[in-house]
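Chemist: Below you'll find the structure I mean.
Every number in this text was worked out from the coordinates using simple rules, so none of it is lab data. As the structure is a prediction and not an experimental result, all values here were calculated from the model. Every residue, glycine among them, receives a Cβ derived from its backbone with ideal geometry; neighbour counts consider all protein chains shown.
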Amino acid sequence: MTKRPSVKEILEMARKGGPAQPAEASPAPVEEPATEAVAPEPVAEAPAPPPAPAADVPTPSQLGRPLTLKEKLAAARAGGAAVPAAAKPAAAPPPPPAEPAAEVEAPAVPPSPAPTGRPLTLKEKLAAARSGAAGAAPAAAKPAATRPAASVAPAAKAAPRVLPPLEKMTDPKDLAEALRQTAAKKEKATATAEAKPAAEAKPTAEAKPAKKEAKPQTVLPKPARPPAEAEAVARTDRRGFLIGSLFVSWVAVAWTAFTVGCVAFTQMMIRFMFPNVLAEPPSTIKVGLPSNFEPEEVSERFKAEWGFWIVRSTRYNGHDILYALQSVCTHLGCPPNWLAGEQKFKCPCHGSGFYISGVNFEGPAPRPLERFKVTLADDGQIIVDKSQKFQQELGQWADPDSFISA
Ligand code: FES
């Protein structure tokens, strides 16, 4: 059993240009086998797996599950070694180094779902997308036959490419396009977010001057009324004015009357606080010296003004005395008259008669006339005090103040 060369050894041999690249075995240039190796057909069309590597690396159909990354790498290494064995009968006896080289470079290109027979995992898709985005040469080389690059570019520019869901993506170009679109969306969102505050700030700055300009508002003039309507309005205004004036006048009258009543009531209350003052004549009167009066004489000088007579007589108790008799009838208050011829006081009202002493003797008068107080002043004149009275029926005529001895 011969030892299988490793990848490093194969690469080393390819660089040195040793037996791996004989001029007869590989008439085509180096790039052509590489381009064909990238395509999935050579791997898928491997007719029969070599006996030794097939035993080492199981296929997905044998396992019944998709290959892991390690298994894929091992399969790639095994395939690199097995291909020369398969190519042996077809070409020259020495193993052609070109096909192993192509098989070694094949793992650099992400595996497509076709050779594995299963959908690509997320890691594989990302690796394929990176390789597709970075190294466009292998990707461009592969679809050259199916999709020309010149025709794709205008289509992409014209309309966005419709991509399948991420789980169903098999083409690395689709993944690269998805990444590119995602990045573009992010940039667009960032630009929109940055432009939003600026757009919001602009209207605010522009709104301020608009507010200032809105301040001076012009008031439109009222539309002119038709003549009939204007007349009706004027009539209504006049009626309202008259009613209002009447109401206002009545209110004014009421308030004026109320104010006058209040003032009058206040004045009455103030007047009530002060007593009435009567202008009465003095109660004491000087009537002159006692020697001025003759015996058995009745002086009527003071009757009209002061309401009393000054009498000098000896007929009451035999003594010559002076006294003052009130000129008021004791019946109903009429003023009696002195009748010198009859030597009596006669009441004109009901005919009562009184002696010169004042004692009643006829008519309805029930009692004698009353005396006023009499005294002598310092100058010897007689003073009559009307504030004090003396009644004969009460025995008061005996009081020394009721007479003066002559
Ligand atoms: Fe003098 Fe009647 S009033 S008698």
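Chemist: Which pairs break 26 Å Cα to Cα here: LYS173/LYS196; LYS8/LYS168; LYS72/LYS168?
Modeler: Correct reply: LYS173/LYS196; LYS8/LYS168.
Chemist: Turning to a different aspect of this structure: Taking a threshold of 23 Å on the Cα-Cα distance, which of the pairs LYS16/LYS123; LYS346/LYS389; LYS125/LYS188; LYS123/LYS188 fall above it?
Modeler: Long pairs (Cα-Cα over 23 Å): LYS16/LYS123; LYS125/LYS188; LYS123/LYS188.
Chemist: Please give, to one decimal in nm, the separation of the simple spin-label points placed at ARG238 and GLN396, each 7 Å out from Cα toward the Cβ.
Modeler: 8.4
Chemist: Let me ask something else. Stick to the Cα atoms of the range 253-399, pair each with every other, and give me the Kirkwood hydrodynamic radius in Å at one decimal.
Modeler: Result for the range 253-399, one decimal place: 17.8 Å.
Chemist: What are the ³J(HN,Hα) couplings of the range 177-188, residue after residue, when phi is run through the Karplus curve with 6.51, -1.76, 1.60 and θ = phi - 60°? Round to Hz, x for glycine and proline.
Modeler: Result, rounded to whole Hz: 5, 4, 4, 5, 5, 4, 4, 5, 4, 4, 5, 5.
Chemist: Now for a different question. Using 0.36 nm per residue, how much length does the chain from LEU289 to SER405 gain when fully extended, once their Cα-Cα distance is taken away?
Modeler: 40.5 nm
Chemist: Kindly state, to the nearest 0.05, the FRET efficiency for ARG15 paired with ALA189, given R0 = 35 Å and r defined as their beta-carbon distance.
Modeler: Computed FRET efficiency for ARG15 and ALA189 comes out at 0.10.
Chemist: Hey, rough spin-label estimate for VAL277 and ARG65, points 7 angstrom out along Cα→Cβ, what's it come to in nanometres?
Modeler: Those two pseudo-labels are separated by 14.0 nm.
Chemist: Collect residues whose amide H, placed 1.01 Å from N in the peptide plane, falls under 5 Å from the amide H of LYS344; neighbours closer than 5 in sequence don't count.
Modeler: HN-HN under 5 Å from LYS344: LEU339.
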